[in-house]
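Structure record follows, encoded as structure tokens.
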Amino acid sequence: MTIQELIDYCEKNSIPLDTHIALTSKDDYMLTEDDISLGIPYFGNCHDGSKYEQKHYPRDEDGDIDYDNAPKFLMLYAKG
């Protein structure tokens, strides 16, 4: 997939171009349109993802991260 194809996908699906991107991959595979979705990522052991959650995710009334209202990411899955 090219950058232009990714932009076209976002425009076709009304996904704003300032949407954050989350990448998942276990190996080097090509990304295709059927490997893209909009959703809330699970960062697991991703240190930078956890830092992003702490800084940007909304909080509930107890000050805990409100995962139910977390921002959506453009999820890119590279599958083999």
Inset, instruction - List the number of the failed condition for Asp68; all other conditions in (1) at pLDDT 85 or above; (2) surrounded by 13 or more Cβ atoms within 10 Å (Cβ to Cβ) hold. - result: (2)
Legend entry - Leu17 without any contact (Cβ under 8 Å) to a residue 12 or more places away in the chain and either in contact with a helix residue (DSSP H, G or I) (Cβ under 9 Å, 6 or more places away or on another chain) or hydrophobic (A, V, I, L, M, F, W, C) (or both): yes
Legend entry - Selection within the range 1-16 - more than 18 Å from Tyr29 (Cα to Cα) and not in a helix (DSSP H, G or I): Asn13, Ser14, Ile15, Pro16
Inset, instruction - Give me the pairs, please: first residue somewhere in the range 29-43 and assigned to a helix (DSSP H, G or I), second residue anywhere and not charged (D, E, K, R), beta-carbon distance under 7 Å, and either six or more positions apart or on two chains. - result: Glu33/Met1; Glu33/Tyr9; Asp35/Leu76; Asp35/Tyr77; Asp35/Ala78
Inset, instruction - Considering only the range 44-80, state which residues are over 11 Å from the mean Cα position of the chain (by Cα), outside any loop (DSSP other than H, G, I, E, B) and of a type in the set (A, V, I, L, M, F, W, C). - result: Ile65, Ala78
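Condition check ((1) more than 13 Å from Leu74 (Cβ to Cβ); (2) in contact with a strand residue (DSSP E or B) (Cβ under 7 Å, 6 or more places away or on another chain); (3) acidic (Asp, Glu)) across all residues:
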{"position": "Met1", "(1), (2), (3)": "no, no, no"}
{"position": "Leu6", "(1), (2), (3)": "no, no, no"}
{"position": "Tyr9", "(1), (2), (3)": "no, yes, no"}
{"position": "Ala22", "(1), (2), (3)": "no, yes, no"}
{"position": "Glu33", "(1), (2), (3)": "no, no, yes"}
{"position": "Pro41", "(1), (2), (3)": "no, yes, no"}
{"position": "Tyr52", "(1), (2), (3)": "yes, no, no"}
{"position": "Pro58", "(1), (2), (3)": "yes, no, no"}
Legend entry - Matching residues, the range 12-35, being surrounded by 10 or more Cβ atoms within 10 Å (Cβ to Cβ), small (Gly, Ala, Ser) and either farther than 20 Å from Cys46 by Cα or modelled with pLDDT under 80 (or both): Ser25
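The values are calculated or read from the model by the stated rules, or taken from the named source; none is laboratory data. Nothing here was measured: the structure is a model prediction, and the numbers come from that model. No Cβ is skipped: glycine too gets one built from the backbone with ideal geometry, and neighbour counts run over all protein chains shown.
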